[in-house]
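Below: the structure, in structure tokens.
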Amino acid sequence: MTKSGYPYPPDEFDVAVPGGAPVGVHRAPRSGWSSAWPFLLVAVVCAAVAWGGITLLSGDGGGAEASGDASPSASAPVSPSPSASGDSSGEPSGEPSGEPSGEASEEAPSSVSGNPANADLTAGVQVLNSGGPTGAAGTAAETIKTAGFTGTVDAADDTAGLGQGYAETTVLYGAERADTAAAVAEAIGATSAIESAEVTSSPYAVIVIIK
């Protein structure tokens, strides 16, 4: 079809461009920058993502390493305190040392002054129960006999109240009978022996007050 026989009026697409090609057939050629910039943008984005990932991973590794390096005081074994395990000598603090406390019990002082070795074992002895357990006078009398006294050894209750005023078992003796009283006191374990005028005037050389 020739241009003279074209039935449509001319428009902008019929305007020729440099080089002879119609506008409607070919567009104008694109510049090199307009073709390259999408690739450059993708490369920059990929580089930024890669750099960010590397930074993130290296940051996590550093944090893990920092958290893994615990303080020496947290992992080091704690040695027991000397005060908790006892002193260096190894002796428990609560155990007694075996030394006396300084408050040793003192035995009651004895008032027996005679010498038992010089006792008259044939002398008469009377044992009076003056507040002691039932049968205590008889038991003491048998003990005196067993100690070697061969004279009269009687046991009775203190009905006359001779033992009033005495708080412990006491050996009363007549004049010049201290040695015999000492032997009696030794036999029954008494620690008190007193000379008494009442015993001197009695038929007995020694009278024992049982408490």
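Nothing in this text is a laboratory measurement; each read-out follows from the coordinates by a stated rule. Keep in mind it's a predicted model, so treat the numbers as computed, not measured. Reconstructed Cβ throughout: ideal geometry from the backbone, glycine too, with neighbour counts over all protein chains shown.
When Lys and Arg each count +1 and Asp and Glu each count -1, what net charge do the other residues less than 14 Å away from GLY114, Cβ to Cβ, add up to?
Its environment carries a net charge of -4.
Sorting check: for 185-192, 159-166, 40-47, 133-140, which peptide has the highest mean count of neighbouring beta carbons within 10 Å, and how do the rest follow?
Taking the mean over residues of other Cβ atoms within 10 Å, the ranking is 185-192, 133-140, 159-166, 40-47.
Inverting the mean 1/r over all pairs of different Cα atoms, compute the Kirkwood radius of the stretch 157-200 and quote it in Å.
So the Kirkwood estimate lands at 10.9 Å.
Would you kindly state how much longer the chain becomes between SER202 and LEU41 on full extension, computed as 0.36 nm times their sequence separation minus their alpha carbon distance, in nm to one decimal?
Computed gain between SER202 and LEU41 is 43.6 nm.
Quick one: what does P(r) look like for the stretch 130-211 with 10 Å bins over all Cα pairs, in whole %?
P(r) over the stretch 130-211, rounded to whole percents: 19, 59, 22, 0.
Net charge near VAL127: determine it from the other residues with C-beta under 13 Å of the C-beta of VAL127, scoring Lys and Arg +1 and Asp and Glu -1.
Local charge sum for VAL127: -2.
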